[in-house]
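Here's the structure, in structure tokens; my notes come after.
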């Protein structure tokens, strides 16, 4: 299947929230949707970078502050969105961190778990009443290396491992997306929960590990084995707007190893399909974030 940005349908009348829409894959997705007529809300930690990105995009693009590593900021975004925009068709949980040194969020969560999973979990729960079509959550091929430790999600007892922490957070994202769909079905909601991954993308996400060696290796790997942000964004766009993307689906590049190629259905680990763990993780996330829904 050779689905490309030429297949993105007309977006007039749709409002899409893109977290981390100021750079990388998020910026490509936001720009493409805006070009097709969507009203786009860039949810960015840096208003300066968000405004600079918005100025490169056509149409109705606005920027609202959001720091997923701060639950107070998540709640403030929800309040401001309600006041200034009101409703949306799609929430794209795109923003995240990868393989960063050990540190914690403002709420004391391990940075990967807080930014990649707990922040988006809280944001989705708060926004769900005003969403009408889709929640798209980004996972990663690295989720296959992940293991959910429900007793130590925040790496307080284990020796910290940056790739283990990243993999756990991305496995959590995929478990969340599927558990959300089960709950949406149970509630007879018309909203769909869809997961996607970009494969291996050559973006600036590879330059924030805090290690020159890691940064260099990641950059070389992404350039040699992966694809550009524009190509990587296709799987995300497919999940956001293709009629072929269905509830509970997981989509990514269809080339060898799923690291690059045109988008289509993606494979996932056995752990990502564990409904018991997904339900337990959901309850833990509600407890940690104070956000309950469905």
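Considering the range 139-175 alone, what residues qualify as being within 21 Å of residue 189 (Cβ to Cβ) and touching a strand residue (DSSP E or B) at 6+ places or on another chain (Cβ under 7 Å)?
173, 174 - these are the residues of the range 139-175 that are within 21 Å of residue 189 (Cβ to Cβ) and touching a strand residue (DSSP E or B) at 6+ places or on another chain (Cβ under 7 Å).
Which residue is nearest to residue 13 (Cα to Cα), if the candidates are limited to the range 51-61 and must be in contact with a strand residue (DSSP E or B) (Cβ under 9 Å, 6 or more places away or on another chain) and surrounded by fewer than 15 Cβ atoms within 10 Å (Cβ to Cβ)?
Per the criteria, the residue is 60.
Can you pull out the residues in the range 239-288 that are in contact with a strand residue (DSSP E or B) (Cβ under 7 Å, 6 or more places away or on another chain), outside any loop (DSSP other than H, G, I, E, B) and at pLDDT 95 or above?
Of everything in the range 239-288, those that are in contact with a strand residue (DSSP E or B) (Cβ under 7 Å, 6 or more places away or on another chain), outside any loop (DSSP other than H, G, I, E, B) and at pLDDT 95 or above turn out to be 239, 240, 250, 251, 252, 253, 263, 264, 265.
I'd like to verify a number: residues in the range 22-50 that are over 13 Å from residue 61 (Cβ atoms) and either out of contact with any strand residue (DSSP E or B) (no Cβ under 8 Å at 6 or more places or on another chain) or buried (at least 24 other Cβ atoms within 10 Å of the Cβ) (or both), how many?
Number satisfying all stated conditions: 6.
Which numbered condition trips up residue 99, out of (1) in contact with a helix residue (DSSP H, G or I) (Cβ under 6 Å, 6 or more places away or on another chain); (2) modelled with pLDDT of 95 or more?
Evaluating residue 99 over (1) in contact with a helix residue (DSSP H, G or I) (Cβ under 6 Å, 6 or more places away or on another chain); (2) modelled with pLDDT of 95 or more leaves (2) as the failure.
List pairs: first residue in the range 36-47 and at positive phi and modelled with pLDDT of 95 or more, second residue in a loop (DSSP other than H, G, I, E, B) and surrounded by fewer than 24 Cβ atoms within 10 Å (Cβ to Cβ) anywhere in the structure, Cβ distance under 8 angstrom, at least six positions apart or on different chains.
37/10; 37/11; 37/12; 37/13; 37/14; 37/59
Mind checking which residues of the range 2-21 are surrounded by fewer than 24 Cβ atoms within 10 Å (Cβ to Cβ) and part of a loop (DSSP other than H, G, I, E, B)?
2, 3, 4, 8, 9, 10, 11, 12, 13, 14
In the range 99-112, which residues are crowded, with 21+ Cβ neighbours inside 10 Å and either touching a strand residue (DSSP E or B) at 6+ places or on another chain (Cβ under 8 Å) or within 27 Å of residue 238 (Cβ to Cβ) (or both)?
Scanning the range 99-112 gives 99, 110, 111, 112.
Evaluate the range 107-127: report whether one residue or more is in contact with a helix residue (DSSP H, G or I) (Cβ under 7 Å, 6 or more places away or on another chain), part of a strand (DSSP E or B), more than 22 Å from residue 25 (Cβ to Cβ) and touching a residue at least 24 places away in the same chain (Cβ under 8 Å).
Yes - at least one qualifying residue is present in the range 107-127.
For the range 132-152, enumerate the residues that are buried (at least 20 other Cβ atoms within 10 Å of the Cβ) and part of a strand (DSSP E or B).
Of everything in the range 132-152, those that are buried (at least 20 other Cβ atoms within 10 Å of the Cβ) and part of a strand (DSSP E or B) turn out to be 134, 135, 136, 137, 138.
The values are calculated or read from the model by the stated rules, or taken from the named source; none is laboratory data. Nothing here was measured: the structure is a model prediction, and the numbers come from that model. Note that each Cβ is placed from the backbone with ideal geometry, even for glycine, and that neighbours are counted across all protein chains shown.
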